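Data first, discussion second: the structure below is written as structure tokens.
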Amino acid sequence: MIRQVLIISLVLIPFVSLFLAIPAIEFENREAIFHSIGLIVLLSAINVWLATAFAWWLLWTESKWRYILEWLVFLPLFIPMLATLFGLYLILAEAGLIGTYIGVSLGLLVVTLPYSIRLAYNGMAVIGRPLLEQARLLPMRRRFVYVLFPLFSRTMRTIALFTTVILLSQFALIQLIGAGLIPTVTTELYQSYAGNNLSLALSNTWMLIFFPVLIYFLLSGWSRWMVRMLKGRLQ
Amino acid sequence: MLRSSVALTILVSLLPLAALVFLGVESIGTDWRVLLSDETWRDSLFTTFYVVSVSTVLSLILGTWFARTVVKKGWHLTSTILKIPMFVPHIAAAYLFWLLFSGSGGIGWIEANERNYATVILTYIWKETPFVFLMMLGTYEQLNRSYVETAKTLQLSPLDQFKHGELPFLIKPLLDSTWILVAFISFAYEVPALLGVTYPKLLGVLAYERLSTGLYLEATEPYAVALVWTCLVGIGVFTTYFFTASVRRRIERGVRR
Amino acid sequence: MSLNVKAIRKQFGTRQILNSVDFEVQPHDIHAIVGVSGSGKSTILRIIAGLETTDGGDVLWNNKSLLNIPAHKRRVTMLSQSALLFPHLTVGENVTLATRSRSRKQAEEWLQVVRLGDRYDAEIHELSGGEQQRVSLARALAAEPELLLLDEPFTNLDPKLKVDLQRFIRDLVKELKLTAILVTHDREEAMLMADRVTLLESGEVTRTGTVEQLYDTAPGFGDFVMLEGELRPLAEVEVSETAGEPVQLMKKIYRFGQCFGEYHFEDGRSVMLSTEESFQIGMMYRIKRKEG
């Protein structure tokens, strides 16, 4: 019991900082918030879609390329973050995408996708091949709506959550590839931190923590509602 | 539909490799002798080694130990709470630690300890332990306890029970976690830039600043450093996976779930 | 070197698994605990091995309680359904690990004993199920146990291999003068291997005694027949017209498209055996061991 309390307190102690000062309630940086929300929604959707599709393919394929491709998609996890970013910067500069929304989205997709694929693949492994094999017998639409969605909704939520957290952690990437033209909550935090404005910085920190929590509850509620609705339709 | 999604995923996954090729091309003009003898880079390298190894090793040990204990004792609440830091963005975590340890309102450690990178290391441990915990949790939940029980009845010491009944099955997830953490921590900007000192900077911070400020004429240097560091990590990844390949294959073939 | 299990109780959640179980294992005996799955028999072994705690009662080895001794100091080893060889080690290394002095030579000797002397360097997956179980036995013996626990170690083997290994282990335990407890749901197995048997039903001992006592008194215990002073599984005997112990055919019944006859021995014992349809009720026949 004592050990549990100790571990829990150690995990929770840093949150004390949130209450060390009163956060400023300002909405000056609306553009940054809109950008952040837009990127979160866009990238979560793309990540869920690509990662689930790829993991599904990986589970069933008998291709001789399977092993190599498996390595290929997980390999980016082992490449140091900034090295990928520097190289991407050069590629995107060549393509004229620096300072654009597309460039930033692409950069963020590159750094989030390997994690998402891994999560999706693990999620499917936990459900297990026998159960998924049954799902394969159904036609595509019904397979997805009635079986895969309810089974994967937790994994999908985790993917969206991870994507959100990684995205909100990126300052260097957004600053370099966005060329300072795409402000997000994260880039704002850096400026507020440099500006020594404690309450502004704190309000940004609150926001950074609030976004993932919001995403978590929204998606949980949504998937619960969807599953209930689908069950209703089957009765 | 599935085919095009898979193709798209492969294309996106090829980008980091293409990025490395571009890095290679861009670093062609680098004067390697100057780079290697530059003390600023060298100090950065050693500091980076130190920060990375301490954070990674401690995160691995703590994460594994937590996963093991949580599964063994069935601590559900602790398990849920341990996952929380994972969903706090890195820079938010860094800022929380800065506030906690800074002079104004916090404990006031930051001035005294800053050259030790203690806050950076603590932030990383706080953030990465839950990641390792999650990776190992799945492993421990699927672990066949009968191996440890067999080790016990074979009269092996507690250390040998762990060495033969648990560790072999942890090799793969530990290896994966180690290199994911190293790649993530070793060459990053956000956390050490917020919390670190002006000298010696961590490799990622130094490289990013030299690249973005544009004050340096040797613009190829950061690219070269990024490439060298990637190669070092790559060699580490390759050797560790290569040398454990036979034992991992053996375990996969002989294990009873 | 006797083992006394005294009033052991164990509960999982609200389910009472063991309800005051008592029995005694004599030195150098093979003692079988027979029960259907869920009767709590494996839990008894796990408690004796130190892998499970009790809610009450005691386990005494030479009149000393084992309960406060950790599993790895009890000198009790166990053989399970699955061989559970450590997959990162070779066959021989598995055995060497268990020897007290970590001696390769001793391990090789134990592998000789289980007739796998030439497989020291083999990988686990190269061995068949029966061979793996034999390595597991060598490993369990290499730890020099005072008590050997056998937790249905033959379940996953094919029938021919099973009988071979049952005899092999029985002979070995006797030769090494070990004490062993065998847990099984298979009465035939218990009859073949054990000296004494304890019957367990929903966590309670219903009967305990020597194999012969149980054969005589426990109705329906094992499909065996006493022939030439030895217990034989029914599968190993047949009705003949020429040789064997004399019996009288009392009744003929048809089951599963086959004809069975009820035969009575002269001393009143009876046995049910597969019978040719041409046999006549009331006539004398003979029962003998199957050839080959």
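List of remarks:
- For the cross-link pairs C:K41/C:K174; B:K83/C:K73; C:K105/C:K162, the ones whose C-alpha atoms lie over 27 Å apart are B:K83/C:K73; C:K105/C:K162.
- Normalised contact order of the stretch C:3-217, rounded percent, pairs of Cα under 8 Å and 6 or more residues apart: 29 percent
- The stretch C:100-251 shape via C-alpha gyration tensor axes, a/c threshold 1.5: prolate
- Only lysines eight or more places from B:K201 in sequence, or on another chain, were considered; those with a Cα closer than 27 Å are B:K127.
- Summing charges over all other residues whose Cβ lies under 13 Å from the Cβ of C:K64, with Lys and Arg as +1 and Asp and Glu as -1, gives +2.
- P(r) tail for the stretch A:155-217: Cα pairs beyond 17 Å make up 45% of the total.
- Over chain A, relative contact order from alpha-carbon pairs under 8 Å, at least 6 apart, %: 32 percent
- Counting only Cβ charges, +1 for Lys and Arg and -1 for Asp and Glu, the dipole size of chain C around its Cα centre is about 920 debye.
- Relative to the Cα centre, the charge distribution of the protein assembly as shown, modelled as +1 at Lys and Arg Cβ and -1 at Asp and Glu Cβ, gives a dipole magnitude of about 1160 debye.
- The stretch A:32-234: C-alpha gyration tensor shape, a/c 1.5 cut-off, then a/b vs b/c: oblate
- When both the stretch B:186-205 and the stretch A:1-64 are represented by their alpha-carbon centers, they are found 23 Å apart.
- Estimated translational D of the stretch B:1-105 in µm²/s (Stokes, Kirkwood radius over Cα pairs; 37 °C; 0.692 mPa s): 171 µm²/s
- Inter-centroid distance (Cα atoms) of the stretch A:66-141 relative to the stretch C:32-66, Å: 52 Å
- For the segment A:182-193, counting C-beta atoms of other chains within 10 Å of every residue's C-beta and taking the mean gives 2.
- For the stretch A:157-192, the set of chymotrypsin sites (Phe, Trp or Tyr not before Pro) satisfying both a DSSP loop assignment and a count of at most 13 other C-beta atoms within 10 Å is empty.
- Debye intensity ratio I(q)/I(0), log10, chain B, q values 0.15 Å⁻¹ (C-alpha model): -1.20
- With 20 Å bins beginning at zero, the pair-distance distribution over Cα atoms of the protein assembly as shown amounts to 13, 35, 29, 16, 6, 1 %.
- Residues of type aspartates and glutamates that C:K64 reaches as a straight line, Cα spacing below 17 Å, ignoring anything fewer than 8 places off in the same chain: C:D22, C:E24, C:E146
Since every read-out is calculated from the coordinates, none of them should be taken as a lab result. Note that the structure is a prediction, hence the values are computed from the model and not measured. Note that each Cβ is placed from the backbone with ideal geometry, even for glycine, and that neighbours are counted across all protein chains shown.
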